[in-house]
Structure formats: C-alpha cells, structure tokens
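Student: Once you've had a glance at the structure underneath, I'll fire off some questions.
Coordinate-derived values only; no laboratory data. Everything numeric in this text was worked out from a predicted model, so none of it was measured. Don't worry about glycine lacking a Cβ; one is built from the backbone with ideal geometry, like all the others, and counts go over all protein chains shown.
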Amino acid sequence: MIYKCLIKKEYRKNMEKNIYLYIAVMAGVSYLIRVLPLTLIRKPIKNQFIQSFLYYVPYVTLAVMTFPAILSATNSTVSAALALVIGIIAAWCGRSLLSVAVICCAMVFITEFFLV
C-alpha cells in the first residue's frame with residue numbers, strides 16, 4: 001500500500017495491530033454524534049436563536065463543502081471565480097438551477113478557451 005512508505009516501520013506495526021480498535025473508536029464516535037442529540041433533547045426547542053441556528057446548519061455545511069470545490073474544479077482559478085460570480089448573479093435574478101449550472105459551465109468553457 002502507498003501509506004507504508006510514508007509511515008515509519010514501528011508506527012506501521014502498531015497501526016496494523018490496532019486497526020480494528022481504530023475502526024471501533026471511529027464507529028463509536030460517529031454513533032454517539034447521531035444518538036446523543038436524540039437522547040438528551042427530548043422536549044421541543046423553544047429558543048428562537050437555537051431554532052434559527054439549527055435551521056441554517058445544513059445550508060452552511062453545504063456551502064462550506066461546495067465553495068472550495070468550485071474554485072479548484074477548473075484549470076484556472078480565474079475562470080472558476082468568474083463562473084461563481086456569474087452563477088450568483090443568475091441565481092439572484094431567479095434563474096432555475098439547471099440554467100444557472102449551464103451558464104456557469106459555459107462561462108468556464110469560454111473563459112478557459114481564451115486563457116489557455
């Protein structure tokens with residue numbers, strides 16, 4: 001495997017012995033993250049601030065994962081940034097998701113055609 005050349009031999013031996021322990025700890029942590037909110041919070045949340053915070057968490061998570069991918073998906077950061085700006089403007093003007101995607105793809109194609 002590739003990681004064998006990157007890790008020292010003594011660490012690699014310990015890791016190979018404890019791989020099931022690492023997997024079990026990872027599974028336990030993932031399970032607790034999903035189960036603890038269900039068991040600890042049984043009453044409806046009445047605090048308006050917490051409700052609004054929890055409402056926007058999925059959108060922020062999606063934006064945080066998508067934004068770096070947009071800037072690194074093309075050959076040039078300039079074409080990616082330009083497509084991002086054009087896409088934001090098109091979405092702000094009420095265009096559909098498909099038309100925004102097509103406009104952004106066309107902008108990247110045109111920009112990279114002239115840059116490269």
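Student: Given C-alpha coordinates of segment 67-113, what is the ratio Rg to Rh with the Kirkwood estimate of Rh?
Tutor: 0.96
Student: Provide, as a two-decimal number, the C-alpha radius of gyration of the chain over 2.2 N^0.38 Å, N being how many residues it has.
Tutor: With N residues counted in the chain, Rg over 2.2 N^0.38 Å equals 1.69.
Student: With a cap of 12 neighbouring Cβ atoms within 10 Å, and only residues DSSP puts in a loop, list the trypsin sites (Lys or Arg not before Pro) found in segment 29-63.
Tutor: R42, K46
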